[in-house]
Amino acid sequence: MTDSAIAPLAHPPTVEPEFARPPLLGMTLPELTDWVQTQGQSAYRGKQLYQWLYQQGARSLADISVFSKAWRAEVQDYPVGRSQLHHRSVAPDGTIKYLLRLSDGHIIETVGIPTDQRLTVCVSSQVGCPMACDFCATGKGGYVRNLALHEIIDQVLTVQTDFERRVANVVFMGMGEPLLNRETVVAAVHCLNQAIGISQRSLTISTVGIPGQIRRLATAELRATLAVSLHASNQPIRTQLIPSARQYPLADLLDECREYVQQTGRRVTFEYILLAEVNDEPEHAVELAQHLRGFQSHVNLIPYNPISEVDYQRPPTRRVNTFLQTLHAHHIAASVRQTRGLEKDAACGQLRASKIQAGQ
C-alpha cells in the first residue's frame, strides 16, 4: 500500500471560505441580539430574528416581514448563510437527495428520509472526505474542506422547509468524517437542539475512528448517539477496507470506545457494512461478537449499497439474516438497517458531489 493510501488519517488542512461579514445562521439568541443592536435596532428584534431564522427558515433578511421596510432595505444583502438548491431527486420510497451549492461554489449532498413516524436528515460535515474508504463513493472524490456551522444547519432547514414537516432526527452520516470537524459538529448539535428544537437524543454522530477524537467527544458531554463504523471483524479486513486503520488498529479503536461508554454512560452503535464474500461469513459474525462481548452497544448491519467505482457486491438476504442470527446467538444486540434512497444514489455510502452531478 502506498503512502497516499494511509494519508487520510492525518487531519487535512482546513480551507474554509472567508466571510467579510459572518453569516447569521448558527448564531445564538444572545449573539443575534447583540448583532441587531449594532445595527441600531432594539434588543427585542434579536428574538424575532432568531425565530425567523430557525423556525420560519428565512433565507434573506428581506423575507422577515416583522422588520420595517426601511431596515430590511438597508440589510437585505447581509449574509444569512443559506445555500442554493442545485438539484433535487426523489426516490420511489420518498427519500429525497439534495445537491446544495455553497457560497464558494462547492456542492454538497444531504438527504431527507421520511417515514410515517418521523423525518430524518442525513447531513454532510465536509466537502468530500479524506478517509478514502474503499467501498464509499464520497471518499473517491477526495477532500476539499470542512463545512462551517451555518452550512450544516442550512441542510436541516432546507429539508424541513421542502417537506413542510418538522425534522425529528439528524444523523451526521453524509459526506465527510465528522470528527475531523469535531468542534463545528458539536456546535451544530447544540444549535439543532436549542434553536430548532431537536432532542440531542435524536442526533447521531458517525465516525470511522480518528485517534483521540472519540475521547475528546466524550468531554463535550453530549446526549447524542455515537455511531462507529467498524465494517470488519478483524484488523486485516479493516485495513483492506479503511486505509486509516493501518495507523489506528481495531483493538485501539475498541478500547477508546469502551472509555467513551465508561465516561458518558451511553452505549455505542457499531455500523457494519456487509460486503458479499468479504466480511459477511458466519465466522466474521462470531469474531465480531467476541470483540463486543460485555460491551454496551448495538450493531447496525448495512447491506452494501453499490457504487460504480468498485466491484463489491451486496450479499443476498439469506447471508444477511445468517450474520444477524449468529450475532443474536452470541447475545449481541443487532438489527439490519432498511435501505432508503438506493435508486437515486442517496443510500449509505453512495453520496458524492461528482462533476457529473454538479453539472445537472
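The values are calculated or read from the model by the stated rules, or taken from the named source; none is laboratory data. Every value quoted in this text rests on a predicted model; they were computed, and no experiment measured them. All Cβ positions, even for glycine, are placed from backbone atoms using ideal geometry, and neighbour counts span all protein chains on display. Calculation scope for accessible area: heavy atoms of the full protein, side chains included, ligands and nucleic acids excluded. Shrake-Rupley method; radii C 1.70, N 1.55, O 1.52, S 1.80 Å.
What to note about this one:
- Candidates ALA218, ALA187, ALA285: the one that is touching a residue at least 60 places away in the same chain (Cβ under 8 Å) and in a helix (DSSP H, G or I) is ALA187.
- Boolean, ARG215 is open to solvent by 30 Å² or more (accessible area, probe 1.4 Å), among the basic types (Lys, Arg) and more than 14 Å from the chain's Cα centre (by Cα): yes
Quick grid of which residues meet (1) closer than 23 Å to GLY105 by Cβ; (2) of a type in the set (A, V, I, L, M); (3) open to solvent by less than 20 Å² (accessible area, probe 1.4 Å):
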| residue | (1), (2), (3) |
| --- | --- |
| SER124 | yes, no, yes |
| LYS140 | yes, no, no |
| ILE153 | yes, yes, yes |
| LEU157 | yes, yes, yes |
| PHE163 | no, no, no |
| ALA168 | no, yes, no |
| ALA187 | no, yes, no |
| GLN194 | no, no, no |
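- Only a single criterion out of (1) of a type in the set (Gly, Ala, Ser); (2) at pLDDT below 95; (3) out of contact with any Phe, Trp or Tyr (no Cβ under 8 Å at 6 or more places or on another chain) is not satisfied by GLY349, namely (3).
- Leading residue by the ranking (nearest to the chain's Cα centre (by Cα)) among those in segment 42-57 that are more than 23 Å from VAL159 (Cα to Cα) and open to solvent by 50 Å² or more (accessible area, probe 1.4 Å): LYS47
- Residue in segment 87-95 that is surrounded by 19 or more Cβ atoms within 10 Å (Cβ to Cβ) and in contact with a Ser or Thr (Cβ under 8 Å, 6 or more places away or on another chain) present: no
- Residue in segment 264-281 that is touching a residue at least 12 places away in the same chain (Cβ under 8 Å), of a type outside the set (A, V, I, L, M) and assigned to a helix (DSSP H, G or I) present: yes
- PRO8 vs. criteria modelled with pLDDT of 95 or more, outside any loop (DSSP other than H, G, I, E, B) and not small (Gly, Ala, Ser): no
- Restricting attention to segment 58-86 and to residues that are among the aromatic types (Phe, Trp, Tyr) and part of a loop (DSSP other than H, G, I, E, B), the residue that is least open to solvent (accessible area, probe 1.4 Å) turns out to be PHE67.
- Residue check for TYR54: hydroxyl-bearing (Ser, Thr, Tyr) and in contact with a Lys or Arg (Cβ under 6 Å, 6 or more places away or on another chain): no
- The single condition among (1) assigned to a helix (DSSP H, G or I); (2) open to solvent by less than 10 Å² (accessible area, probe 1.4 Å) that LEU99 does not satisfy is (1).
- Pairs with Cβ under 8 Å, 6+ apart, first in segment 228-246 and at pLDDT below 95, second open to solvent by 20 Å² or more (accessible area, probe 1.4 Å) and basic (Lys, Arg): none
- For segment 173-189, a residue qualifies if it is acidic (Asp, Glu) and either over 11 Å from the mean Cα position of the chain (by Cα) or modelled with pLDDT under 95 (or both), and exactly one does: GLU183.
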